[in-house]
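The values are calculated or read from the model by the stated rules, or taken from the named source; none is laboratory data. Here the structure is a predicted model, which means the values were calculated and not measured. As a convention, Cβ positions derive from the backbone with ideal geometry for all residues, glycine included, and neighbour counts pool all protein chains shown.
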Amino acid sequence: MPDRLLGPPGEEVLLMGNEAIARGMLEAGIAVASAYPGTPSTEIVEALSRVAETVGIYVEWSTNEKVAIEVAIGASMCGVRAAVAMKHVGVNVASDPLMSLGYSGAEGGLVIVTADDPNAHSSQNEQDNRYYGMHAYIPVFEPSSPGEAKDLARDLYDLSEKFKTAVFLRPTTRVCHVRGNVVLGELKKPMKKGVFCRDYSRWVLLPVNSRRLHEEAVERIEKLSESLHEFKYNFLKKGNGSFGVIASGVAYTYAVEALKELGVYEEATLLKLASTYPLPKRMLKEFFESIQGEILVVEELDPIVEWEVKIFAKEERFDTLIHGKDLLPRVKELNTDLVASAIAKMLGKDYSLHAHYKSTLDLPPRPPTMCPGCGHRAAFYEIKIASAKAKVNAVYPGDIGCYTLGFFPPYRLVDISFSMGSGLGIGLGIARASDEMVIATIGDSTFFHAGIPALINAVYNKVPVVLVVMDNGVTAMTGHQPHPGSGYRATGEKTISLKIEEVAKAVGVEFVEVIDPYAVEASIKKIIEAIEYVKKEGKPAVVVARRPCALMVYRRKLRRGEKVTVYSIDEEKCVRCGICVNLFACPAIYVEKDAYAINPVLCTGCGVCAQICPAKAIHPRGG
Amino acid sequence: MNVKNILLCGVGGQGIITMGKLIGTALVNKGIKTRVTEVHGLAQRGGSVNVHVRFGEDVYSPLICEGQAHAIVALELIEAVRYLRYLSRNGILFVNDVLIPPPLPGVKIPSRNEILEEFGKLKVKFYMVNAVDLALKAGSAAAANVVMVGGMLALDLLPLTLEDMEESIRENLPPKFHEINIKALRAGYEKVARLKEL
């Protein structure tokens, strides 16, 4: 299958928004791309890594977003075009260098993708990263569809170089994860190597430079705002009625459909914004001059455009009534219905939602679960039993990854989930501010991302805490991207595999054990030892629970045509204690009419259930 | 407005996102304006999954609103009920006769009969097949999603032919799975075409 990402110019193909952004970057001739995986941003650099060798560009998964943005800044300082992508909360991690970048500006074109997640589909919050643009003097552009995302990603490189500034491209989940028609453009040959552009006055942020650079940053944004009325992704459609709508990002698509559904599209004067910071002021003036009625600002999350427009109207003495978050929600996603209701309200029209069915059945929830054979499930089971046997009523700070699912019953072993690497850090505070036993969990990728400083802190400050590293060998939740422990790079190239136990020993942890969660008894024993050690010595202990991601292994076996030996339950021997279903809760094990059984399609043959069954009723099938 | 809305739903791991990709590719190959959206993240399998498919000249938004889906195509019965609110009053409900209980201890699960009774109360066109059986006959249970795509063609939910969809299968799936999936596609088509005649 030829890669659609490298299709010939003029071809119209189905691309996911993130793939479209990657294509746009290739059409701009980027030479360097870096990222830490995070939904909904992951597929951008994943797509680029797929074609890196073919087009001859450098692509990496970085240890975290801060390093990722630094790599891109370094590339830009050499005059080559660079891309960095992250999910919205990743920008928090990258925010320190980001603030300096706002002052220094860029040399080679530099696009920072912040993939925001209204509705927090797969995130800890709904933060609106347009604030970061305003905060750092870095302009923000929002695409409304995959096709526009591709073109915008490409053209922002010219803008970035013209104004010597980094730019934010801010797609949201409903652009990143939407597949749509994309017309491919010409691929540009990348300038692979540049020369470091030494400039003491820009790259060295000592106060003497910073004060001047701050002034330049303010001026840069002003100058950009002046030019944006010519930026083709902003446009003004004049209507034959009196009211106006301003819409940005994917909310623009809801606005168009809502206006059409209400039958007032021709009447509406519609300002479509791609640049939401700064606003195209001349275009905004023209918009205000062409309407007499009220205005609705349609945007997801915070009323950032609304505020800017209200300030603009006040300064320019337009006294039109401006609506926004008074008629639209500030939380979660928008959709056509919500926007149509808001427009109808503004116009004093009736809009009733479409009649729809409501089921009277009581439906069970279906939260995501750890896969059958997942080493995390076994490790959680072992932590639970070990805690009981060691007679500790512990606090369990968790972290971010598949193992956050240890929150759900029956495990309930995630008391805290905040941000990448925060479980251990917060656990240290709990261990110091109480007499609680703290057993923290963290994934392997998260450990490398932001866990190590907290571990060093635990050693340095002699904090009694158990850290269980749930090591499945990859960044699993976002789709099996490699990390510094995986042994290969984004492009598949082989590299060193950093061992977590060696890192722990190197930073001074004295109790370090590696367990295989599939070996239940041995693992429980080691976890108990760790708890006893922490109680006795008052120092941190690290247990690395290592088992490659079951889904990855299963897929590998499928590809190679290998057979899986599945397990089954001997009904004669089963005492119906329910431990396998109620405590271990593997999705492959089920109860039907009081009989326990294993679904052979789901079973991956890990054999953990056979070990935990007190009646020894579970055996390999045919064994 | 010239728009068609189809909601696909089921359980993570059943191949719903692949269905969206297959359908989307075939539509775009025909030059039809298309939006297919999905939500993923938070673990790879076992969760409730839905994919919105919209196509036609007037499509801008990627999201279907409640009561607006011309059809719901469900790979699992509980999920079919969960997303019923999206179905338009005179829409088509096309389901795979499979019930996957969520692995949650102590949670009450509605029975197949209760669910079918619920569907009986609706004023929609209802079609049900056992896509897993048909897929197994074609060579792999994993092709149940493609059986459903075949059924969608028989129900005229898509302005596409079997040949269009076969091309999309060849474009999107690894070569060694082409034959099984094309067989599954045809099996689904034929089965539903027969149901339609009844």
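Overview of results
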| quantity | calculated |
| --- | --- |
| Odd one out for A:ALA72, checked against (1) out of contact with any Phe, Trp or Tyr (no Cβ under 9 Å at 6 or more places or on another chain); (2) within 14 Å of chain B (Cβ to nearest Cβ); (3) crowded, with 24+ Cβ neighbours inside 10 Å | (2) |
| Residues satisfying the stated conditions in segment A:395-431, i.e. touching a residue at least 60 places away in the same chain (Cβ under 8 Å) and aliphatic (A, V, I, L, M) | A:ILE400, A:MET420 |
| Checklist (1) in the same structural domain as A:LYS525 (by TED's automatic domain parsing); (2) buried (at least 21 other Cβ atoms within 10 Å of the Cβ); (3) not charged (D, E, K, R) applied to A:ASN393, failing item | (2) |
| Exclusive hit being under 30 Å from A:LEU296 (Cα atoms) and more than 14 Å from chain B (Cβ to nearest Cβ), set A:LYS345, A:LYS332 | A:LYS345 |
| Qualifying position, being farther than 26 Å from A:PRO146 by Cα, out of contact with any Asp or Glu (no Cβ under 9 Å at 6 or more places or on another chain) and surrounded by fewer than 19 Cβ atoms within 10 Å (Cβ to Cβ), among B:LEU99, B:LEU93, B:LEU122, B:LEU75 | B:LEU122 |
| Any chance B:ALA80 is farther than 24 Å from A:LEU334 by Cα and part of a helix (DSSP H, G or I) | no |
| Selected residue (criterion: nearest to B:TYR127 (Cα to Cα)) from residues of segment B:150-198 that are surrounded by fewer than 20 Cβ atoms within 10 Å (Cβ to Cβ) and among the β-branched types (Val, Ile, Thr) | B:THR161 |
| Residue in segment A:486-499 that is surrounded by fewer than 20 Cβ atoms within 10 Å (Cβ to Cβ), out of contact with any Gly (no Cβ under 7 Å at 6 or more places or on another chain), assigned to a helix (DSSP H, G or I) and at pLDDT 95 or above present | no |
| Filter result for B:LEU27 (crowded, with 22+ Cβ neighbours inside 10 Å and not in a strand (DSSP E or B)) | yes |
| Residue in segment B:141-155 that is assigned to a loop (DSSP other than H, G, I, E, B) and either within 11 Å of chain A (Cβ to nearest Cβ) or of a type in the set (Asp, Glu) (or both) present | no |
| Boolean, A:GLU436 is more than 14 Å from chain B (Cβ to nearest Cβ), in contact (Cβ under 8 Å) with a residue 12 or more places away in the chain, acidic (Asp, Glu) and assigned to a loop (DSSP other than H, G, I, E, B) | yes |
| Unique residue being under 22 Å from A:PRO190 (Cα atoms), surrounded by fewer than 24 Cβ atoms within 10 Å (Cβ to Cβ) and within 14 Å of another protein chain (Cβ to nearest Cβ) when the list is A:GLY105, A:GLY10, A:GLY79 | A:GLY10 |
| Verdict on A:ALA378 being buried (at least 22 other Cβ atoms within 10 Å of the Cβ), over 30 Å from A:MET437 (Cβ atoms) and among the small types (Gly, Ala, Ser) | no |
| Index of the failed condition, A:GLU230 passing every other in (1) free of Cβ contacts under 8 Å to residues at least 40 places away in the same chain; (2) surrounded by fewer than 19 Cβ atoms within 10 Å (Cβ to Cβ); (3) within 14 Å of another protein chain (Cβ to nearest Cβ) | (3) |
| Selection count, segment A:249-284, where residues are among the basic types (Lys, Arg) and over 25 Å from A:TYR131 (Cβ atoms) | 1 |
| Given (1) of a type outside the set (Phe, Trp, Tyr); (2) out of contact with any helix residue (DSSP H, G or I) (no Cβ under 8 Å at 6 or more places or on another chain); (3) surrounded by fewer than 17 Cβ atoms within 10 Å (Cβ to Cβ); (4) within 14 Å of another protein chain (Cβ to nearest Cβ), index of the condition A:THR404 fails | (3) |
| Residue in segment A:29-46 that is within 12 Å of another protein chain (Cβ to nearest Cβ), touching a Lys or Arg at 6+ places or on another chain (Cβ under 7 Å), under 18 Å from A:SER144 (Cβ atoms) and surrounded by 22 or more Cβ atoms within 10 Å (Cβ to Cβ) present | yes |
| Breaking point among (1) in a loop (DSSP other than H, G, I, E, B); (2) of a type outside the set (S, T, N, Q); (3) more than 30 Å from A:MET370 (Cα to Cα); (4) more than 7 Å from chain A (Cβ to nearest Cβ), for B:ILE64 | (3) |
| Residue that is nearest to A:GLU294 (Cα to Cα) [pool: residues in segment A:233-247 that are buried (at least 19 other Cβ atoms within 10 Å of the Cβ) and within 14 Å of chain B (Cβ to nearest Cβ)] | A:VAL245 |
| Within segment A:13-28, considering residues that are out of contact with any Pro (no Cβ under 6 Å at 6 or more places or on another chain) and within 12 Å of chain B (Cβ to nearest Cβ), the one surrounded by the fewest Cβ atoms within 10 Å (Cβ to Cβ) | A:VAL13 |
| Matching residues in segment A:580-606 - criterion: being surrounded by 13 or more Cβ atoms within 10 Å (Cβ to Cβ) and over 35 Å from the mean Cα position of the chain (by Cα) | A:VAL591, A:TYR596, A:ALA597 |
| Criterion (within 13 Å of the chain's Cα centre (by Cα) and either within 26 Å of A:LEU14 (Cα to Cα) or without any contact (Cβ under 8 Å) to a residue 60 or more places away in the chain (or both)) met by exactly one of B:VAL81, B:VAL73, B:VAL59 | B:VAL73 |
| Residue ID - nearest to B:ASN145 (Cα to Cα), chosen from residues in segment B:85-99 that are in contact with a helix residue (DSSP H, G or I) (Cβ under 8 Å, 6 or more places away or on another chain) and assigned to a strand (DSSP E or B) | B:ASN96 |
| Cβ pairs under 6 Å, 6+ apart, first in segment A:314-343 and under 14 Å from A:TYR252 (Cα atoms), second β-branched (Val, Ile, Thr) | A:GLY324/A:VAL297; A:VAL339/A:VAL298 |
| Those residues of segment A:358-388 which are more than 18 Å from A:PRO548 (Cβ to Cβ), within 34 Å of the chain's Cα centre (by Cα) and facing chain B (nearest Cβ under 8 Å), in sequence order | A:LYS358, A:SER359, A:ASP362, A:LEU363, A:PRO364, A:PRO365, A:ARG366, A:PRO367, A:PRO368, A:THR369 |
| Residue match in segment A:29-50 (condition: over 18 Å from the mean Cα position of the chain (by Cα), part of a helix (DSSP H, G or I) and closer than 20 Å to A:CYS176 by Cα) | yes |
